[in-house]
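First the structure, in the form of structure tokens, and then the observations on it.
The values are calculated or read from the model by the stated rules, or taken from the named source; none is laboratory data. Everything numeric in this text was worked out from a predicted model, so none of it was measured. Quick reminder, even Gly has a Cβ in these numbers, built from the backbone with ideal geometry, and neighbours come from all protein chains shown. We work out accessible area using only protein heavy atoms, side chains counted, and drop any ligands, DNA or RNA first. Shrake-Rupley method; radii C 1.70, N 1.55, O 1.52, S 1.80 Å.
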Amino acid sequence: MSILVDENSRVVVQGMGAEGSFHALRCKDYGTKVVGGVAPGKGGKKMDGIPLFNTVQEAVEKKNPDVSLLFVPAPFAADALYEAAEAGIPFLVCITEGIPAGDMVQVTSYLDAHGVRLVGPNGPGIISPGKCKIGIMPEHVHKPGPIGVVSRSGTLTYEAVDQLTRLGLGQTTCLGIGGDPVGGVTFVDTLKLFAEDEATEAVVLIGEIGGTAEEDAARYIAKSKFPKPVIAFIAGLTAPPGRRMGHAGAIISGGKGTAKAKIKALESAGVTVVQNSALIGAAVKAVINGKKPPKAVKANFPKANSSKANSPRANSNKANSKKRSRNDR
């Protein structure tokens, strides 16, 4: 089985520019039922064999999609999400990065009120290996199997999936919930679905600094006595407070949202937390075979002072100092 999507999902793509067209075709080649694309002014034409429509409503009336995959640029993405929801599409997957948080607060409130589920934004999408891919992930690293994967990081998702596949552990469904501070489905939402999915034997949860999504997941796992093993990795263990690290939502503020706090919460809930991303696959294999996971090996992180000494600003100052020294001679 799988969660949220399967081989029967019918996908319309909003935003058939260069990126949208490229990934729509890759999804179609994977076997996903891409029934149409929305490109205002190009209705009636085809792009790479995919029929185009002027509006989402027109695509719904003629092709009956139940998923929308969005590549619409950030300034217009909120309107595109509203359009898909108003056209009656119940499940949206938004890849777009950089949507203003204020827009997302209003959009997610609207979607919740109308029973529309959103994955993303600023994530790689969702894939049920062997059934369908709705997003931008490299499909060749995935294969069908018993592990569910949910992550805030696209690249770490690919890394974890590649490890699992190489160890012979395929996946039921992998989804990236995105790294923005305001988004759609959460870790808790996804864990509830994996708990009910008979084919999922264990879940990999990949979090990062910032926000409280991981702590919320830990509370849910403990309170619900989650029936399956959860193996987690939290990125950003050495991130300095107050500095944004990659994703818009990955920022520690007021001492909250640290990796250490998230790891502590998850471990208290009985989750196996791996402190080296290279050990995610091995930990999953050990846990589902009833063995002890590999000893957590901490990465050889540079010390804070060392990091500061090697920062671009420090190197620039060092170069200027040498230059002044030469000029003084």
Worksheet item: Is at least one residue of the range 6-18 open to solvent by 40 Å² or more (accessible area, probe 1.4 Å), over 20 Å from His140 (Cβ atoms) and without any contact (Cβ under 8 Å) to a residue 24 or more places away in the chain?
Response: yes
Across the range 153-168, the tally of residues that are in contact (Cβ under 8 Å) with a residue 60 or more places away in the chain, out of contact with any Ser or Thr (no Cβ under 9 Å at 6 or more places or on another chain) and open to solvent by less than 20 Å² (accessible area, probe 1.4 Å) stands at 2
Only one of Ala217, Ala232, Ala213 is under 18 Å from the mean Cα position of the chain (by Cα), surrounded by 17 or more Cβ atoms within 10 Å (Cβ to Cβ), closer than 21 Å to Pro294 by Cβ and modelled with pLDDT of 85 or more, namely Ala232
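Results for (1) farther than 25 Å from Leu156 by Cα; (2) touching a Phe, Trp or Tyr at 6+ places or on another chain (Cβ under 8 Å); (3) surrounded by 15 or more Cβ atoms within 10 Å (Cβ to Cβ), shown as yes or no for each residue.
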| residue | (1), (2), (3) |
| --- | --- |
| Leu69 | no, no, yes |
| Pro75 | yes, no, no |
| Leu92 | no, no, yes |
| Thr96 | no, yes, yes |
| Val105 | yes, no, no |
| Arg117 | no, yes, yes |
| Ile126 | no, no, yes |
| His142 | no, no, yes |
| Gly145 | no, no, yes |
Gly102: passes all of (1) of a type outside the set (Val, Ile, Thr); (2) part of a helix (DSSP H, G or I); (3) touching a Pro at 6+ places or on another chain (Cβ under 9 Å); (4) modelled with pLDDT under 95 but (3)
Out of (1) open to solvent by less than 80 Å² (accessible area, probe 1.4 Å); (2) touching a Lys or Arg at 6+ places or on another chain (Cβ under 6 Å), the one Lys33 does not meet is (1)
Any hit, the range 235-243, residues being closer than 27 Å to Ala74 by Cβ, assigned to a loop (DSSP other than H, G, I, E, B) and either in contact (Cβ under 8 Å) with a residue 60 or more places away in the chain or of a type in the set (Lys, Arg) (or both): yes
Taking the conditions exactly as written (modelled with pLDDT of 65 or more and either surrounded by fewer than 23 Cβ atoms within 10 Å (Cβ to Cβ) or in a loop (DSSP other than H, G, I, E, B) (or both)), does Gly249 satisfy them or not? no
Sole miss for Ser109 among (1) outside any helix (DSSP H, G or I); (2) open to solvent by 30 Å² or more (accessible area, probe 1.4 Å) is condition (1)
Across the range 190-209, the tally of residues that are hydroxyl-bearing (Ser, Thr, Tyr) and closer than 18 Å to Lys143 by Cα stands at 1
